[in-house]
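Report on the structure given below.
Please treat every number below as a calculation from the coordinates, not as lab data. Here the structure is a predicted model, which means the values were calculated and not measured. Please note: Cβ atoms are built from the backbone with ideal geometry, for glycine as well, and neighbour counts cover all protein chains shown.
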Amino acid sequence: MTTQERPLSPHLQIYRPQWTSVLSISHRLTGILLSVGLVGVVVWLVALASGPNTYEAVQALYSHPVLTIVWVAWTFALFYHLSNGVRHLFWDAGYLLDLKGAFASGMAVVCVAIVLTAISWGVWL
């Protein structure tokens, strides 16, 4: 009995990424990023409770341009994860399961996350 050296199907080299798979992987990654970023939120809340001097020091650190970009990205991850969670609730109820509905709801999730991030940071579209 001979065995051929070939990949098992489905294989990542055969299939190209699809919109739904990219959004699914992004949902998992944003969940991880939200967990990591929550440490920074807790530090900010502890500084807020510790008094004005501690709060000003942490606020000065968090106001750095690089950290501002990180917080904007974290906010986008929050709204993306929330919107995609609502999308999953629709799927659980049996809605938007066809290809057209899945694509449209995926586009809506990304657009809603961008708009809510812009609104929360005071940037008006």
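In what sequence do Glu56, Glu5 fall when counting other Cβ within 10 Å, fewest first? The most exposed by this proxy come first: Glu5, Glu56.
Give me log10 I(q)/I(0) at q = 0.13, 0.21, 0.24, 0.25 Å⁻¹ for the range 22-120, Debye formula, one equal scatterer per alpha-carbon, no solvent. So the normalised log intensities are -0.56, -1.04, -1.22, -1.27. Stretched out straight at 0.36 nm per residue, the stretch from Leu82 to Asp98 would grow longer than its current Cα-Cα span by 3.6 nm. Within the chain, the selection of entire DSSP H helices by a Cα span of 24 Å or greater along the long axis and an average Kyte-Doolittle value of at least 1.0 returns 19-50, 99-120.
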